[in-house]
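The values are calculated or read from the model by the stated rules, or taken from the named source; none is laboratory data. As the structure is a prediction and not an experimental result, all values here were calculated from the model. We place every Cβ from the backbone using ideal geometry, glycine too, and count neighbours over all the protein chains shown.
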């Protein structure tokens, strides 16, 4: 009797090439584990989201009550809902750290331009899926956030008003809007999964970056067991943090108004999005012109995709770029500052601080990085 050798199956060969014998730089640090944590968070969102969809009702009269039904009547519904809601925040936290690591160590530089640009697409898909999912429980802040954000599309010349009506499915944010958001929120994570697989495939084609930013075919070890154990430790630590929010502080990252059913007749005093949107919301409010504000909001994310093409430095890692390190940490402080400004009332002095921070945010990507690379090249020529 012939026994099937599963190790010869094509799928097993793919698993072996990308998860077991994949040659990995030996000097990778724990910061490189956030890519794996992002995949872990995506898996959590997919599983919990599918289960929640079995009990959720996408109707303006029933959505809020169906969420309460999940919390109170479905076995472990509270756990699934809190894991999904807090999982979105954890997902963004992990991805933002992952992006910061890429910026610090120059992971956008040649030959990884395609990998970096796919990562920006993944971030855009995440934000779209998160916003639509945020609206689904139909709480007060969620309803008005949907109204404000969808109204931004009215600033698009010529087709703005028609575009808003198409998004709404009518003449206001109502049942048709909720159904559209639910359908797209269910679809986008699967599109996101495909983009993530493409991101990994592109990464493994050119190989992972490393803290020194140098290319080497020699100083590499198999992914398993060395980095498997390293990622496993990071996952355990992350799971403890995640569980702390889910079990002990599940509502910390939410807004109190979302525990009140949506009321189109009562406008909240101050509309605040989720924390992971706050820096971009601050950029939007810092520009007085509506159209320019919307462009700046979108460009605040898309500008990341420009990095591989505006970068002029021959050195990847900031380990050998002391001036770049200073600019990077200032940019990180600016992003945190924008997040703080985003939750404050749009008045003096917050508007002025937000405008200054917005100028530096874009200047870092479009002016400082290109000029610094040229300065470093000139400095190297003078010292050689």
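Structure summary
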item: Selected residue [without any contact (Cβ under 8 Å) to a residue 12 or more places away in the chain and touching a helix residue (DSSP H, G or I) at 6+ places or on another chain (Cβ under 7 Å)] from 71, 90; result: 71
item: Verdict on residue 76 being crowded, with 17+ Cβ neighbours inside 10 Å and more than 15 Å from the chain's Cα centre (by Cα); result: no
item: Top-ranked residue of segment 176-188 - restricted to ones that are farther than 12 Å from residue 131 by Cβ and crowded, with 16+ Cβ neighbours inside 10 Å, ranked as nearest to the chain's Cα centre (by Cα); result: 186
item: Test result for residue 295, surrounded by fewer than 17 Cβ atoms within 10 Å (Cβ to Cβ), within 21 Å of the chain's Cα centre (by Cα) and closer than 27 Å to residue 365 by Cα; result: yes
item: Residue list for segment 281-299, filter: touching a residue at least 12 places away in the same chain (Cβ under 8 Å) and assigned to a loop (DSSP other than H, G, I, E, B); result: 287
item: Residue in segment 247-260 that is part of a loop (DSSP other than H, G, I, E, B), under 30 Å from residue 79 (Cβ atoms), in contact with a strand residue (DSSP E or B) (Cβ under 7 Å, 6 or more places away or on another chain) and in contact (Cβ under 8 Å) with a residue 12 or more places away in the chain present; result: yes
item: Residue within segment 171-179 that is assigned to a helix (DSSP H, G or I), more than 30 Å from residue 312 (Cβ to Cβ) and without any contact (Cβ under 8 Å) to a residue 12 or more places away in the chain present; result: yes
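Yes or no, residue by residue, for (1) loosely packed, with under 14 Cβ neighbours inside 10 Å; (2) more than 26 Å from residue 178 (Cα to Cα); (3) at pLDDT 95 or above:
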site: 263; (1), (2), (3): yes, no, no
site: 316; (1), (2), (3): no, yes, no
site: 333; (1), (2), (3): yes, yes, yes
site: 342; (1), (2), (3): no, no, no
